[in-house]
Every structure is written in C-alpha cells, then in structure tokens.
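J.: One structure, pasted below without further comment.
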Amino acid sequence: MNFELIIKEAYQKINNLDDKGETASYIPELAQVDSGNFGVHISTINQLDFGVGNYNDKFSIQSIAKVLSLSLAYAIVGDKIWDRVGVEPSGTAFNSLIQLEADKGIPRNPFLNAGAIVISDILLSNLESPKEDFLEFVRSISNNKTLEYSNRIAESEKTTGYRNIALCNFIKSFGSVENEPSDIIDFYFDLCSLEMSCKELSELFLYLANNGQGISNKKSILSESQSKRINALMQTCGFYDESGEFAFKVGLPGKSGVGGGIIAIHPDQYAIAVWSPKLNKKGNSYKGMKFLEEFTTKTKLSIF
C-alpha cells in the first residue's frame, strides 16, 4: 500500500475544497488560530512516518486528550471505571446536561464533557500530583519529553467555560464525583490544553494500534482487552452525535477535538492525525472529516 501517494492525492483534493466550517470561537484563544492551516501525518506499526501540510505545527488537541486521560484512569482502576461512566453513544451535544438528569449523574460515555470530568475526578483521587503525573504519562507513551500544556489555552477556557463548570457542579449534586468541582474543572481544562502536532499525535496514538503496547519504548500501557475497548468507544462515541456518520463514511476508531484535530486508528496498522481548525456544525473538523473519508475510500482499508 502506497500510503504516501494516497495521502498526497487526498490532501490535494480536500485542500482545494471550499472550507465551510467555522473555528471554535467560544474558546477565545482558538479563534485566533489561522483557519487556513491543514496538516496530515501517518505513523504505522512498521515504522513509516509521513506528513503533508502543517503536520509539524502544534495545536490544542482539546477533547482528543480525553482518550489519554481515559487510558491512564483505566490502567489504574481497571473495570471499576465502568461503574462511574457508561459506554453508550449519546445522541446529544458533547456539553449537554439533559442526559445527566435522566441518568442520575452518570455520564453516558467518557468522551462527553461530563464523562471526561468524571475521569478527571478519578485521576485526581488516584494521582499524587495529577497535573504533573498526567503529563509524564503522555510523555512516556510518546517518548517525547517536550510535550506541554498551554497555559494560554487553559486560562482562556477557564474564563469562558461556564457550561463545563455547571456540568461539574451538577454531577457533584448527584454524588458522582469525589473531589471539589473547582479542582476537577481546573485539571480538566489543563489536560484539554495539551498542544501537539499531527506528527506527535499520530506517533503517540500508535499504542492503540498496537494492542496497548508502546512502539518506541515497548512499554505496556494497556492490556490488549483494554486497548480493544477504548478503540470500540472511539468508534461509537468519538465524534459525539456525528459518531455514526464517521463510522459509516470512514470506518475507523477515532476522536476529534474542537481545536480542529482528529486522530484515527487502524488496529495493527497505523494511527493517522489530521488538523484543520474550521469545524462543521457538529463540532468536528470539516476538512479533517472529508480527508479521512477520502483516505479510507482510496486505501480500501477500514475495520469493516
């Protein structure tokens, strides 16, 4: 399979499209990003690394970090994690309060904002220095000691994140989190502010293409069963209420972020990262979604 040629051709085709999306202006710092950025990078199990466009430029990975926080919490507490969050698609917006009322404070899945807030609470209760320990976990997976939070992005979210603050307080009212909402939400905003390039992102996420094992350091991050289950959740819940559309058109486990990034996994083969800041009406990268549909169509490779 000539991934390089296919990526070049798909990139050129999608880059020429009229980008109908809008940047995520509700986080002021994200609205400042050049909306014309577009990068793609693939990392394969057999050590192919290839990128086009702005694949070396760092961006705020936002909700893609939810996969990483879930991985660490799952590794620490095991299957007890599913007593705290569900595994079902939501069918509602990522920051909806409606289902929390019906489900008595148990988030429908860990990739909704409410679910990621509960995961943040689990990490706060189990890590000695949560912010530092989570960053060290991410650095250890990627073997990249330069990865950092963006204080600028985190502070921007903290000044405007009233709905997430409301979610956390609402969950606390049901007794579904242990720590103080202010501490939970502070940590949550920090982990969402992680900055990476497409290259760094695709290299890091190879552990989910490799049955939970790191490629560069051969470290066991998750068991094979845990890796399979996180991939399954990415497949069914990784794009909020557009997850079915992504499964239908792309056919890979994946996760998006409102910074315009998308990571997609083909188990036993590759991880591919795409970044284009303009989002469609569902909050997913417009060009990123189009690119991945074109890519899997041309490669004829999906998990189905």
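What follows is calculated from the coordinates using simple rules that are stated; it is not laboratory data. What you are looking at is a predicted structure, and each value in this text was computed from that prediction instead of being measured. Cβ placement follows ideal geometry from the backbone for every residue including glycine, while neighbour counts extend to all protein chains displayed.
J.: How do 293-299, 265-271, 125-131 rank on mean C-beta neighbours within 10 Å, highest first?
T.: On the way: 293-299: 18.9, 265-271: 21.1, 125-131: 14.0.
Peptide ranking by packing, descending: 265-271, 293-299, 125-131.
J.: Follow-up. In debye, nearest 20: dipole of the chain around its Cα centre with unit charges on the Cβ of K, R (+) and D, E (-)?
T.: Taking the Cα centre of the chain as origin, the dipole is about 680 debye.
J.: By how many degrees, between 0 and 90 and to the nearest 10, does the Cα long axis of helix 113-126 differ from the longest principal axis of the chain?
T.: Taking the Cα atoms of the chain, the angle to 113-126 is about 70 degrees.
J.: How far is helix 65-77 tilted, in degrees, relative to the longest principal axis of the Cα atoms in the chain, given as a value from 0 to 90 rounded to the nearest 10?
T.: With both axes taken from Cα atoms, the answer is about 60 degrees.
J.: State the dimensionless ratio Rg/Rh of the chain (Rg: radius of gyration of Cα atoms; Rh: Kirkwood radius).
T.: For the chain, the value is 0.94.
J.: Given a cut-off of under 8 Å on Cα pairs at least six residues apart, what relative contact order in percent is computed for the chain? Could you put the intermediate results ahead of the total?
T.: Working: 600 pairs, mean separation 86.4, N = 304.
Reported relative contact order: 28 percent.
J.: Counting every Cα pair in the stretch 66-193, what percent are over 18 Å apart? Don't jump to the answer; show the numbers that get you there.
T.: Working: 4079 of 8128 pairs.
Percentage above 18 Å: 50.
J.: Sort the following peptides by mean Cβ neighbour count (other Cβ atoms within 10 Å, averaged over residues), highest first: 212-218, 200-206. Mind dumping the intermediate values first?
T.: Working: 212-218: 16.1, 200-206: 25.9.
The peptides rank, most packed first, as 200-206, 212-218.
J.: Go ahead and estimate [θ] at 222 nm for the chain from helices alone: -39,500 (n - 2.57) per DSSP H run with n ≥ 4, summed, over the residue count, rounded to 500. The partial results should precede the final answer.
T.: Numbers: 12 runs with 134 residues, N = 304.
Using -39500 (n - 2.57) per qualifying helix, the result is -13500 deg cm²/dmol.
J.: Using +1 at the C-beta of Lys and Arg and -1 at the C-beta of Asp and Glu, which of PHE3, ALA154, GLY254 has the Cα lying farthest in the positive direction of the dipole of the chain?
T.: Final value for the positive-end residue is PHE3.
J.: With θ taken as phi - 60° and the coefficients 6.51, -1.76 and 1.60, list the Karplus ³J(HN,Hα) couplings across the stretch 199-215 in order, rounded to whole Hz; mark glycine and proline as x.
T.: So the Karplus estimates, Gly and Pro as x, are 4, 5, 5, 5, 5, 5, 7, 4, 4, 7, 8, 10, 6, x, 9, x, 7 Hz.
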